[in-house]
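Report on one structure; see the data block that follows.
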């Protein structure tokens, strides 16, 4: 795909710089010398003095014979403490009682003396190493909060995201400076719809400006597209003139929160001819997808160094943007300026037709991602393929085929696997994730495959119960194939807590 390469930070507050840019050589040295076992720790550190002063001190002190880098960091930075509570799980309780006890422990406000981007209200964190307000996690968390009748927390979190849109022009991956160059799957429209179920349709008009800004962010630069320049940031021109979206990040640099891992991967990618900057952008774009990482982004399903995220039109992303267009139409209808409503309905219809044309694979009879470099479907079947059923884009015949694939290839002893290929990545076989269980359940129910939906729910909840009874924890992800083994893969250990797992269990218990 031909692409306009413009590496600018899309932010109305350009003075906010990520730690790798603030601390340059010091940041590089701390990460590459593995002062902390998890790269995110130093990314989340907060300086005790001005960055320029700390850098000057580093350039002087690092030449001393007795210099110790870890001691230098401890002297000049606030190092985040591991999240500790005095709470001890009572494994004799029902799982739902345990979840209800966890909500207060996962509720946070912006931490002082931290690298967090401040937000005005309280919110739910995922748990474990994830301390901030994460974008797409929060939608699934809200489903549980709705079931638990914690409506004020939902309102607070939606207002926090609206605030981030107002300040930065989009919702970052999470409220950290190093996430400002990327977002996450655009679930703000479903959040607004969820809140409208609680507070009534006036919610649509209230958040119309934010919905519009969210849409503008994802569609930025569409007017640049032509036969000569077929992509710009998150938009791509398809061969028939349709415009669909991809994931993107403006910076071709290592991620501060996974710096060491990305630099090491760049050395490996040289063997397949991938330039470091291109690799970094593909990696960052995969992080924007939330599926970091899955072989759905790889040219060779078993080699992450062949990652090609920005060449791919993801079916799930475009279904979410279809829902955003539908929601914008509804919001304009409820506003004092209803004329644009029909415009966004037309946009949604055009996108729906393009999703079916480019993402329905007739040979496999399944919805797939589309590769713009090869002009064909990608090879990996994943649960991204259920999104057209979640948003009622699929025809009944297509839904029948998707249902058969779910029963035959995805549904396992503990729930549904994220993809059918075992790559060693955490968003692939044999792992199952709470949001994908929920979305698959909704997809099946939308097309009246109720028996399969209920079987999926029963298997997933049973696995959650089993692990809680054994470990006293709700986990970030689960091995749904061999339920006696923990989930694996990824750049960090499996985390417990865990916001969206708690929420989807609570939602499923009531639905």
How many of the residues making up the stretch 458-507 are closer than 26 Å to residue 255 by Cβ and assigned to a loop (DSSP other than H, G, I, E, B)? 13
Which condition number does residue 224 fail, the rest of (1) modelled with pLDDT of 95 or more; (2) within 29 Å of residue 20 (Cβ to Cβ); (3) surrounded by fewer than 24 Cβ atoms within 10 Å (Cβ to Cβ); (4) in contact with a strand residue (DSSP E or B) (Cβ under 8 Å, 6 or more places away or on another chain) being met? (1)
Determine the pairs where a residue that is touching a residue at least 12 places away in the same chain (Cβ under 8 Å) and at positive phi, located within the stretch 206-222, has a partner that is surrounded by fewer than 19 Cβ atoms within 10 Å (Cβ to Cβ) and not in a loop (DSSP other than H, G, I, E, B) with Cβ atoms under 9 Å apart, the partner being 6 or more residues away or on another chain. 221/4
Identify, by number, the condition in (1) surrounded by fewer than 23 Cβ atoms within 10 Å (Cβ to Cβ); (2) modelled with pLDDT under 95 that residue 450 doesn't meet. (2)
I'm trying to understand the selection: among the residues of the stretch 277-304, which are surrounded by fewer than 24 Cβ atoms within 10 Å (Cβ to Cβ) and either in a loop (DSSP other than H, G, I, E, B) or without any contact (Cβ under 8 Å) to a residue 24 or more places away in the chain (or both)? 290, 292, 293, 299, 300, 301, 302, 303
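Being outside any loop (DSSP other than H, G, I, E, B), closer than 21 Å to residue 174 by Cβ and modelled with pLDDT under 95 narrows it down to one of 40, 83, so name that one. Walk me through how you get there before you give the answer.
Numbers: 83 fails: outside any loop (DSSP other than H, G, I, E, B).
Unique residue meeting the criteria: 40.
Without any contact (Cβ under 8 Å) to a residue 40 or more places away in the chain, farther than 30 Å from residue 265 by Cβ and surrounded by fewer than 24 Cβ atoms within 10 Å (Cβ to Cβ): is that true of residue 459 in this structure? Step through it out loud before you land on a result.
Details: without any contact (Cβ under 8 Å) to a residue 40 or more places away in the chain: no; farther than 30 Å from residue 265 by Cβ: yes; surrounded by fewer than 24 Cβ atoms within 10 Å (Cβ to Cβ): yes.
Taking the combined requirement at face value, the residue does not satisfy it.
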Exactly one of these conditions fails for residue 129: (1) in contact with a helix residue (DSSP H, G or I) (Cβ under 9 Å, 6 or more places away or on another chain); (2) at pLDDT below 95; (3) farther than 30 Å from residue 192 by Cα. Give me its number. (3)
Residue pairs, Cβ under 7 Å, 6 or more apart or interchain, first in the stretch 489-503 and farther than 17 Å from residue 474 by Cβ, second part of a helix (DSSP H, G or I). List them. 491/258; 491/261
Pair list, Cβ under 6 Å, 6 or more apart: the stretch 127-153 residue at positive phi and surrounded by fewer than 23 Cβ atoms within 10 Å (Cβ to Cβ), other residue in a helix (DSSP H, G or I) and at pLDDT below 95: none
Go through 465, 482 for me and flag whichever is in contact with a helix residue (DSSP H, G or I) (Cβ under 7 Å, 6 or more places away or on another chain), over 15 Å from residue 383 (Cβ atoms) and surrounded by fewer than 19 Cβ atoms within 10 Å (Cβ to Cβ). 465
Selected residue (criterion: nearest to residue 492 (Cα to Cα)) from residues of the stretch 13-51 that are out of contact with any helix residue (DSSP H, G or I) (no Cβ under 8 Å at 6 or more places or on another chain) and surrounded by fewer than 14 Cβ atoms within 10 Å (Cβ to Cβ): 37
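Which count do you get for residues in the stretch 368-397 that are within 12 Å of residue 358 (Cα to Cα) and either out of contact with any strand residue (DSSP E or B) (no Cβ under 9 Å at 6 or more places or on another chain) or assigned to a loop (DSSP other than H, G, I, E, B) (or both)?
Kept after step one, since they are within 12 Å of residue 358 (Cα to Cα), are these residues of the stretch 368-397: 368-372, 375-378.
From what is left, the residues that are either out of contact with any strand residue (DSSP E or B) (no Cβ under 9 Å at 6 or more places or on another chain) or assigned to a loop (DSSP other than H, G, I, E, B) (or both) are 368-369, 372, 375, 378.
Result for the stretch 368-397: 5.
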Please verify whether residue 71 is farther than 30 Å from residue 505 by Cβ, modelled with pLDDT of 95 or more and outside any helix (DSSP H, G or I), treating the condition exactly as stated. no
Single condition residue 451 does not satisfy, out of (1) farther than 19 Å from residue 502 by Cα; (2) in contact with a helix residue (DSSP H, G or I) (Cβ under 6 Å, 6 or more places away or on another chain); (3) without any contact (Cβ under 8 Å) to a residue 60 or more places away in the chain: (2)
Residues within the stretch 398-445 that are at positive phi and either assigned to a helix (DSSP H, G or I) or buried (at least 21 other Cβ atoms within 10 Å of the Cβ) (or both), tallied: 1
Could you tell me which residue of the stretch 227-238 is surrounded by the most Cβ atoms within 10 Å (Cβ to Cβ), considering only residues that are touching a strand residue (DSSP E or B) at 6+ places or on another chain (Cβ under 7 Å) and either modelled with pLDDT under 95 or more than 21 Å from residue 319 (Cβ to Cβ) (or both)? 232
List every residue pair whose Cβ atoms lie under 9 Å apart, where the two residues are 6 or more positions apart in sequence or sit on different chains, the first residue falls within the stretch 380-397 and is at positive phi, and the second residue, located anywhere, is assigned to a helix (DSSP H, G or I) and at pLDDT 95 or above. 392/446
Would you mind stating whether residue 335 is outside any helix (DSSP H, G or I) and either surrounded by 24 or more Cβ atoms within 10 Å (Cβ to Cβ) or touching a helix residue (DSSP H, G or I) at 6+ places or on another chain (Cβ under 6 Å) (or both)? yes
Report whether or not residue 177 is crowded, with 19+ Cβ neighbours inside 10 Å, farther than 21 Å from residue 511 by Cβ and in contact (Cβ under 8 Å) with a residue 12 or more places away in the chain. yes
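So, in the stretch 373-390, exactly how many residues are over 16 Å from residue 410 (Cα atoms) and surrounded by 24 or more Cβ atoms within 10 Å (Cβ to Cβ)?
We begin by selecting, within the stretch 373-390, every residue over 16 Å from residue 410 (Cα atoms); these are 373-378, 388, 390.
Pick out the ones that are also surrounded by 24 or more Cβ atoms within 10 Å (Cβ to Cβ) and you get 378, 388.
So the answer is 2.
The values are calculated or read from the model by the stated rules, or taken from the named source; none is laboratory data. The model shown is predicted, which means the values in this text are computed figures rather than measured ones. FYI the Cβ positions are ideal-geometry reconstructions off the backbone, even for glycines, and counts take in every protein chain you see.
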